[in-house]
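The values are calculated or read from the model by the stated rules, or taken from the named source; none is laboratory data. From a predicted model like this one, the values you see are computed outputs, not experimental measurements. Note that each Cβ is placed from the backbone with ideal geometry, even for glycine, and that neighbours are counted across all protein chains shown. Accessible surface areas use protein heavy atoms only, side chains included; no ligands, DNA or RNA. Shrake-Rupley method; radii C 1.70, N 1.55, O 1.52, S 1.80 Å.
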Amino acid sequence: MKKISMYLFCIICFLLILSMNSCTNGKRSNEKILVGVVAPLSGPNAHYGEILKNGFDLAFSKDSLYGLKYEDSKFESNSSISAINKLISVDKVKIVLGEVSSDNTLAIAPIAEKNKVILFSTIASTDKLQYAGEYIFRNIPRNKIQGITAAEFIINKLNIKSVAVFGQNSEYGVNITSSFKEHFVNLGGEIKFEGSFLEGNKDFRTQLIKIKESGARALFIPGNENEPAIILKQAKELNLNIPIMGGDGSSTDNLIKMAGNSSEGFYCTNVLVDKSLDFYVKYRDEFFKKYNKEPGAYDAYAYEGAMIILEALKNVGNDADKVKEYLYTHTFKSMTGDLKFDKDGEVNRLWGVYQILNGKFVEVK
Amino acid sequence: MQQIILNILISSSLYLLVALSFSLIYYTTKFFNIALAALIVFGSYFVYLFSVQLNFPFLFAVILSVLIVIILGILNELLVFYHLRKKSVSSLKYFIASLGLYVILQNCVSLYFGDDSKVINNTEVLVGNKIFSVYITNIQLLTLFISSVLFISINLVLQKTKIGKSIRAVESNVNLCKIYGINEERIILISVCLSSFLAAIVGILSAFDTNMSPTFGFNLLLYGLVVIIIGGIGSTKGLISGSLLISSVQHFSAYYIDSKWMDLVTYIILISFLILKPLGFSGKRLRKVEI
């Protein structure tokens, strides 16, 4: 008898939850039409989610018809998948912005493609996303080009022909490392050391000693912000006096905060922003008014991506197929002038090189 | 090469402290207290709270945090483990309870401070002191100094003082201790205090050297556990050789293979020890370890 009442209790609870859910759904229909966002809002990489949120919120704050619905990806593939599934099945979104990491974006791309939902990433740069499907778009250029930019910069601008490569063992790090190596060797350079680190590693001293012994004259460390910050610190402590260059994942203010003065002189590739364009000037003013700080490159691209989506939505409505056609056939305003998507949903853009001088990222011309 | 040997010494000194802190609790309660990992994290985050956020003088902040961590350790013991022991639950349930406690405490840190990396050492990053072609930073010197002093003094306490002898007595035979009038619960509390103290120090030293995040204690604790299993419970020499072996294996595999395989090699060593030499270096009984 006890067992049966237990089962009954469970069933009643379940029904209650269901009815609550339908209530909230009913409420939502009076509110704004939702665009989904999958981004890390907690976890060790929540900082990237915050950067994106700044850009997205700014773009959507001016719109009365469309709103954003955030789901936390925790920077993990599993959580990203549940997040996008929830957005698609519960919130019935037609457009999803995100994710941050290349791994997670690759994990959710097939789900978006299968459900005919547009996935628009403003920060995932892996080469593999190019052929992920016709509903997958991004406004950030590919890693391949980023690797080439870094290799050319070290050989031509720094005049250094021997380099050590020490990258993060993730889709992003491996992808950019392979392109860098290929191009660096093609340009006549020599790779003196090759190694990789895992997310969460903290002691890089032994590798840095090996790099020192290898005689490499520059160090390339594509990765996110946490580990490269520690690498910069430990390199300084071990008196490794060679130029160090990172990927776009390391070009955040958080890195400067974590690495302190050891980040001075650090080079990294990042997306370009033309600060003379009206589009940027207007964005910068609005950003400063809302957040009281200077925008970075990532939030600028997040804002730009959100503006592109908003423009499409305003013109054709909340319909994934129509928005897709709109994106493929129109030219958009962007941080680098006019922007068009090619048949893979990719943009033809270049990467720039920045250097940390006096605690700020400065573009190296 | 000298530089690598130095790195090995520094990381092994941290592992040694963790292993000691771990085994102190094991001596008296006969189970692996995973919640210590949370105490390691609490030590460093309290220093962050007091010295970075509230701008207390640094030394005061460290002392205050160590005291708070000791109190937390005692609270864990009194509120959770004491009751479990009274109900004489199996050591597996004990272990799982400590794991649960770790998750709760670690999430408290995440909730309050956030999950991103924090820096407590805001001083300028300097090139390390050069001693015989080896670079060593002040923090590393301090780590070596503090950990050897603590290790030696705690071992002296265990060997020479009455309290230490009681701890070892409780370790070897609880029932006999009761007959001789040694208050078992009091001895357990004392070992909990010592072990929480060590955990707090380890956390602060480690966070000072590199950055910290709410989960960094767990990795350290896991290595400490491996050291105990390899070294053998209750043996000072075993702990020293275990921590030296583990950190040399890690650094040499990082040097000769790649740093992403460090953990792999560590656990291969662990498993081969469990199969070939299950009593560890010291040869003392390890069959009491049920996990």
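Brief remarks follow.
- Tilt relative to chain A, helix A:77-89 - C-alpha long axis, 0 to 90 degrees, to 10: 30 degrees
- Among B:SER117, B:SER195, B:SER65, the residue with the largest mean-square fluctuation in a Gaussian network model of chain B, with springs joining Cα atoms closer than 10 Å, is B:SER117.
- A simple rule links phi to the HN-Hα coupling: the Karplus curve 6.51 cos²θ - 1.76 cosθ + 1.60 with θ = phi - 60°, which for segment B:178-191 gives 4, 4, 7, x, 7, 6, 4, 5, 5, 5, 4, 4, 5, 5 Hz, with x for Gly and Pro.
- Between B:LEU126, B:LEU14, B:LEU111, the GNM of chain B built on Cα springs shorter than 10 angstrom shows B:LEU126 fluctuating the most.
- Residues whose amide H lies under 5 Å from that of B:PHE281, counting only those 5 or more places away or on a different chain, are B:GLY231, B:GLY232; hydrogens are built 1.01 Å from N in the peptide plane.
- Lysines whose Cα lies under 25 Å from that of A:LYS161, excluding same-chain neighbours fewer than 8 positions away: A:LYS144, A:LYS181, A:LYS192, A:LYS210, A:LYS212, A:LYS233, A:LYS236, A:LYS365
- Volume per residue of the C-alpha convex hull in chain A, rounded to whole Å³: 158 Å³
- The lysines whose alpha-carbon is closer than 24 Å to the alpha-carbon of B:LYS160, local same-chain residues fewer than 8 away aside, are B:LYS30, B:LYS178, B:LYS237, B:LYS284.
- Other-chain or far-sequence residues with amide H under 5 Å of A:SER334's (modelled H): A:LEU339
- Local electrostatic count, A:LEU119, Cβ distance below 10 Å [Lys/Arg +1, Asp/Glu -1]: -1
- Between A:SER276, A:SER42, A:SER73, the residue with the greatest mean-square fluctuation in the GNM of chain A (Cα pairs under 10 Å linked by springs) is A:SER276.
- Heavy-atom accessible area buried between chains B and A is around 2800 Å² (1.4 Å probe, both sides summed).
- For A:SER214, the solvent-accessible surface computed with a 1.4 Å probe is close to 30 Å², ligands and nucleic acids excluded.
- Per residue accessible area in Å² of the protein assembly as shown, where ligands, DNA and RNA are left out and the probe is 1.4 Å: 43 Å²
- Label-to-label distance for A:ASN358 and B:SER133 is 4.1 nm, based on points extended 7 Å past Cα in the beta-carbon direction.
- Accessible surface of A:ARG349, taken over heavy atoms with a 1.4 Å probe and every protein chain present, rounds to 10 Å².
- The angle between the Cα long axis of helix A:320-329 and the longest principal axis of the Cα atoms of chain A comes to about 40 degrees, rounded to the nearest 10.
- Stokes-Einstein D for segment A:230-365, Kirkwood Rh over Cα pairs, 10 °C, 1.306 mPa s (µm²/s): 94 µm²/s
- Å³ per residue enclosed by the Cα convex hull of segment B:2-213: 134 Å³
- Long-range amide H partners of A:LEU68 with built H, under 5 Å: A:VAL35
- For segment A:52-188, the spread of Cα positions along each principal axis, largest first, Å: 53, 30, 26
- Relative contact order (%) - criterion: Cα under 8 Å, at least six apart; region: chain A: 16 percent
- Radius ratio Rg over Rh of the protein assembly as shown, counting only Cα atoms, Kirkwood formula for Rh: 1.02
- Taking a Cβ cut-off of under 13 Å around A:GLU346, the surrounding Lys, Arg, Asp and Glu residues balance to a net charge of +3, with basic ones at +1 and acidic ones at -1.
- Relative to the longest principal axis of the Cα atoms of chain A, helix A:171-186 runs at roughly 30 degrees.
- Karplus-derived HN-Hα couplings along segment B:203-215 (A = 6.51, B = -1.76, C = 1.60, θ = phi - 60°), whole Hz, x at Gly and Pro: x, 5, 4, 5, 5, 5, 6, 10, 6, 10, 9, x, 9
- Using a probe radius of 1.4 angstrom, the carbon and sulfur fraction of the accessible surface of chain B is 70%.
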